[in-house]
Structures are given as structure tokens and as C-alpha cells.
Amino acid sequence: MRICIYGAGAIGGYLGVEFMRAGADVSLIARGAHLAAMRQNGLKLLIGDEERVVHPRCTDDPRELGEQDFIIISLKAHSITGVIEQMQPLLGPRTRIVTAVNGIPYWYFYKHGGRLEGSTLESIDRGGRQWRELGPERAIGCVVYPATEIEAPGVIRHVYGNNFPLGEPSGEITSDVTSLSELFTAAGMKAPVLERIRDEIWLKLWGNVCFNPISALTHATLDVICTDPATRALSKAIMLESQAIAESLGVKFRVDVERRIEGARKVGAHKTSMLQDLERGRPVEIDPLITVVQEMGRMTGIATPALDAVLALVAQRSRIAGLYDGAAVADAKSLAVA
């Protein structure tokens, strides 16, 4: 089983170390100082007081690696379209693509059923390039729950969590997804195979769609957002709008909105990924977490006034910081409710 981790950053590096320790044939795609450090000193994973070091096959040129059985995409979702051409040498007739990204993936309406079957989402897949050139039939869904960070080039720190639920878009339990789950398990992680992977995607997105932009606008941590009456109420309003959209598409939530907010509150003084990106001057992941929910609201005829207002604010804040070009929402006027 040949596996390529495309984007060996915080999550991809964590997976790379653990997969290699489990004996898997793994290659990592990285760049810049992080790649240089891995080539010189290996890739180091810090878990508590323990250091785990491996010396992976790593490159910034996928042509060196050849066809793979699995490609695990662990880039920020808004970066995927920009690497489609570079990814082509990795693709063989049976290659599967594992979307270990935040938010709604490009393949969402593949084998979904209903009137939106086969639809693409402009906010995350402009012009449908991922759908056409990567192929929804290759996709395996993956929800990323762990928190990790790059402490220094070539050094990954594990903060918490080891759960990576997996699932085929069709809901089938195939040999591909089962083999992948077994690899995660052998590497000391949890990777349950779910028949309804979209439910799990929405459960995580349910918090990201509100807590991320509110934190980026206020610089508040999760505990503050969830205990302040005003920001808690705003979070709930956005979550209820999102829930209505998801349920109209057949999604089932296994917890209610209050329990989901309480779960976030218990995480404590945690900065969301969007706030961290804003503070560190990195491109802000707006479209896969927020704009796409607005787009799906328009597709289903469900209004999203609370989400719309927060999206407008966080998009402008991020543009002013030079961290969001808004390219994927250039047609926002056509999405507007009359």
C-alpha cells in the first residue's frame, strides 16, 4: 500500500510520523523550510514529553513518487485547486483521494441522491476543477478532530485528539476504506468507518461555521464566545441556520445545538484555527467553512441572515489584512436573496 500525504504540515506531519512508525510505505509532499528541515534532521513529533523521530521520503515534486494507492490531502481546503496539476503524476486508475480537510469537500454531492446529485460547489471548487480533474469517484471522506501545530520547521507538536472518522460518499463499507481504517488503527489512532460520513462532516462544521469567524472578529477564545450571552446567542443563530440547511439535505445531528455549544465551551481558552491564521498572517480559510454553507443555503432556498452578516464582516477583515482574496465569492451578488 503506497500512501502519499499531500501537505505534510501539522496534521499531515502527525500522520506521516505515526504511519511510518506502523511500517507503512509513506511519502510526504512539503515545501520550504519545513521540507529542508525534514531532509536534514528527519521529522519530529512531540507528544507530551515523548519525541518520535522518523526519516521520511519527502519532496516538493510529486513526479518523483509515481502512482499511489492513497493520497491523503491535508492542505487547507482553499489550496487544493492550486495543486491539481502537480498531483496528476500520483494518480493511477485505482488511486483513492482522502480529503482530510476542514469544511465541505468537493465531492459532497457525489452519490448523494436527490435533486442536487452531481452538483458542484462554486465557493470551494471554482469551475468544478476538483470534480473534473481529481474525480469524485476517487474520494474517501475524512473528518479531522486532532489539534496539532508546527512548532518549528520539521517539528510537529500534538495538542490533543487522535480521531479520524472515515467514510465512502456512497455509504458503502468497501475494502479500500476498511484497509485505510486498519492503517490508522495500527498507527495508534481511531478511524471508525461510517456509513453516513456527511453527518460527521456537518457535526464538526457546525462549530467551525460560527466559532471561527466570531473568534477572528473578536479575538476571543472558545470559552469566552460560548459564555458571553451575546456571542453565544449569535453562535446559536448561525448554527440553527446551518442545521436547517443540512437537515434539508438529509443530514442527521446526533446532538442538539446547546450540547454542541457546551462541548466547545469545555475546550476552554482555545484559539480557533481562523484566529490563529489571522494572527500569524496566513491565508484565512473562509470559503470551505462559511461561504459554502451560504451557497448551500441558496441552493436549498433557506435564508441565512446571521451567517451572511458575519461572513461579510470576517471576509472584509481578512481582505484588509491581505489574507483573503475573495475570489471564490466573486459572484456573491448572484447568490443574494432578493
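Listed values, structure above:
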read-out	value
Test: residue in segment 15-37 that is buried (at least 17 other Cβ atoms within 10 Å of the Cβ), acidic (D, E), assigned by TED's automatic domain parsing to the domain that holds G167 and in a helix (DSSP H, G or I)	yes
Residue identified as assigned by TED's automatic domain parsing to the domain that holds D228 and either of a type in the set (K, R) or touching an Asp or Glu at 6+ places or on another chain (Cβ under 7 Å) (or both) among V267, V257, V251	V251
Test result for T227, more than 26 Å from I302 (Cα to Cα), exposed (fewer than 15 other Cβ atoms within 10 Å of the Cβ) and polar (S, T, N, Q)	yes
Looking only at segment 296-327, and only at residues there that are of a type in the set (D, E, K, R) and more than 18 Å from L240 (Cβ to Cβ), the one that is surrounded by the most Cβ atoms within 10 Å (Cβ to Cβ)	R317
Search result, residues across segment 148-167 that are surrounded by 16 or more Cβ atoms within 10 Å (Cβ to Cβ), closer than 30 Å to Q40 by Cβ and without any contact (Cβ under 8 Å) to a residue 40 or more places away in the chain	N162
Candidates G114, G103, filtered to the one that is at positive phi and surrounded by 19 or more Cβ atoms within 10 Å (Cβ to Cβ)	G103
Residues of segment 230-274 that turn out to be among the basic types (K, R), assigned to a helix (DSSP H, G or I) and loosely packed, with under 13 Cβ neighbours inside 10 Å, as a count	2
Residue within segment 169-177 that is of a type in the set (S, T, Y) and within 24 Å of Y324 (Cβ to Cβ) present	no
Qualifying residue in segment 117-128 (condition: touching a residue at least 12 places away in the same chain (Cβ under 8 Å), within 28 Å of I173 (Cβ to Cβ) and either of a type in the set (F, W, Y) or not in a loop (DSSP other than H, G, I, E, B) (or both))	no
Residue ID - farthest from C210 (Cα to Cα), chosen from residues in segment 305-326 that are part of a helix (DSSP H, G or I) and free of Cβ contacts under 8 Å to residues at least 60 places away in the same chain	I320
Extreme residue, farthest from I5 (Cα to Cα), among residues of segment 175-229 that are part of a helix (DSSP H, G or I) and acidic (D, E)	D223
Scope segment 117-134; condition buried (at least 16 other Cβ atoms within 10 Å of the Cβ) and either in the same structural domain as I84 (by TED's automatic domain parsing) or out of contact with any helix residue (DSSP H, G or I) (no Cβ under 8 Å at 6 or more places or on another chain) (or both); matching residues	W131
Filtered residue count, segment 185-228, keeping only those that are at positive phi and not assigned by TED's automatic domain parsing to the domain that holds D287	1
Selection status of V224, within 19 Å of D277 (Cβ to Cβ) and in contact (Cβ under 8 Å) with a residue 60 or more places away in the chain	no
Scope segment 195-206; condition touching a Lys or Arg at 6+ places or on another chain (Cβ under 7 Å) and crowded, with 22+ Cβ neighbours inside 10 Å; matching residues	W206
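The values are calculated or read from the model by the stated rules, or taken from the named source; none is laboratory data. Nothing here was measured: the structure is a model prediction, and the numbers come from that model. Every residue, glycine as well, gets a Cβ built from its backbone with ideal geometry; the counts of neighbours run over all protein chains shown.
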